[in-house]
1. Looking at segment 130-159 only, could you name the residues that are polar (S, T, N, Q), in contact with an Asp or Glu (Cβ under 9 Å, 6 or more places away or on another chain) and modelled with pLDDT of 90 or more?
2. Restricting to segment 262-282, name every residue that is within 18 Å of A225 (Cβ to Cβ), part of a helix (DSSP H, G or I) and among the hydrophobic types (A, V, I, L, M, F, W, C).
3. Give segment 147-176 a look and list any residue that's among the hydroxyl-bearing types (S, T, Y) and closer than 27 Å to S227 by Cα, or say none.
4. For segment 270-298, how many residues are open to solvent by less than 10 Å² (accessible area, probe 1.4 Å), under 21 Å from the mean Cα position of the chain (by Cα) and of a type outside the set (S, T, N, Q)?
5. Confirm whether A222 is farther than 27 Å from N202 by Cβ and open to solvent by 40 Å² or more (accessible area, probe 1.4 Å).
6. Provide a single number: the residues in segment 43-91 that are without any contact (Cβ under 8 Å) to a residue 24 or more places away in the chain, of a type outside the set (A, V, I, L, M, F, W, C) and part of a loop (DSSP other than H, G, I, E, B).
7. Has segment 109-117 got any residue that is farther than 19 Å from A243 by Cα, open to solvent by less than 30 Å² (accessible area, probe 1.4 Å), of a type outside the set (F, W, Y) and in contact (Cβ under 8 Å) with a residue 60 or more places away in the chain?
8. May I ask you to list the residues in segment 173-199 that are touching a residue at least 24 places away in the same chain (Cβ under 8 Å) and under 17 Å from L100 (Cβ atoms)?
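The values are calculated or read from the model by the stated rules, or taken from the named source; none is laboratory data. Since the model is a prediction, treat every value here as computed from it, not as a measurement. Every residue, glycine among them, receives a Cβ derived from its backbone with ideal geometry; neighbour counts consider all protein chains shown. Side chains included, ligands, DNA and RNA excluded: accessible areas come from the protein's heavy atoms. Shrake-Rupley method; radii C 1.70, N 1.55, O 1.52, S 1.80 Å.
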Amino acid sequence: MRDTAKLLRFDPDQSDLGIDIRQPTNGQRRIGAIMIDLGLLQVEQAEQILDIQRGEGGRFGDLAVSMGFLRKEQVMVALARQRALPTLMPDDLARIDSDLRAAIEDPGSLRAYTDARTQLELRWFDDAPERRTLAVISDGPREGRTLTASAVGLLLAMTGRRVLLIDACAGAGRLASIFGVEKESLSLSEAISSPERALRLNSTLDSLDLAVLSAHEKEFNADTAASRGFAALLATVAGHWDAVIVDTPAWSLDRTAFAVSVRCSGALVSVRLGHSRLEGLSAIRRHLADGGVERIGAIVQRF
């Protein structure tokens, strides 16, 4: 079995754990500031580390560990965040679903999802609220929508973005279970009724800012997706999270995917090689254009 740790985390023996927070390197953010932003380190603790570093020398990360402020794994998370490379704490890695773990264990799949994340950062997600939301769609079932939403969302969170995943597949959603959530504190219908409650969602992972909001049985459909309430929810969460990704039912089986796409204004198409129908994909393209929805691109699944 492939060693996931080698793909997702730094080798501490090959990484400088001691970048001084006063001296950013090559335009990178200061490591101490990142630790503080992540909630790993208090300002007072960072000042104590710097005092010792000035007097005795040493590497910032090593000092933080030796003083009992951080574990080495937490320093690795901050380093990865600084360098915009994937990283997960061991507990988080053990929590996620085997399908998602397999996707990020495989170098080819990881490269494809990382490329998709980069393109989305360049071409879609920005400061405008309507360009912080994205629907993930496919023509038929079992074409990789949920895997795409979860993998891209995870990789976006690994770059330091705050990510909200919305599961609009009422009664058949898997996003929560993929991230090890057994009982959700808020359902999608409850969030539509009271959007501000969604702002209090907790992250599902310890090391990343990624939350999941799911539709329960029969509580979300095309009419709900087209409603002002859902539009208001998207506007609210887009003002709070950096990226909001909505997993949808199969396009050919349910009008919900189209309604969600219109509300999001942008859509990413998941295509399964040897499985997706060309005529279905052509219909999606036409409907998106007619609805004024920007088709951001497509990601090809080979499973």
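1. Listed by number, the residues that qualify are T146, T148, S150.
2. V262, C264
3. Matches in segment 147-176: T148, S150.
4. 1
5. no
6. Going through segment 43-91 one residue at a time, the tally reaches 3.
7. Taking every residue of segment 109-117 in turn, at least one turns out to be farther than 19 Å from A243 by Cα, open to solvent by less than 30 Å² (accessible area, probe 1.4 Å), of a type outside the set (F, W, Y) and in contact (Cβ under 8 Å) with a residue 60 or more places away in the chain.
8. Residues satisfying the conditions are G173, R174, L175, A176, S177, I178, F179, G180, V181.
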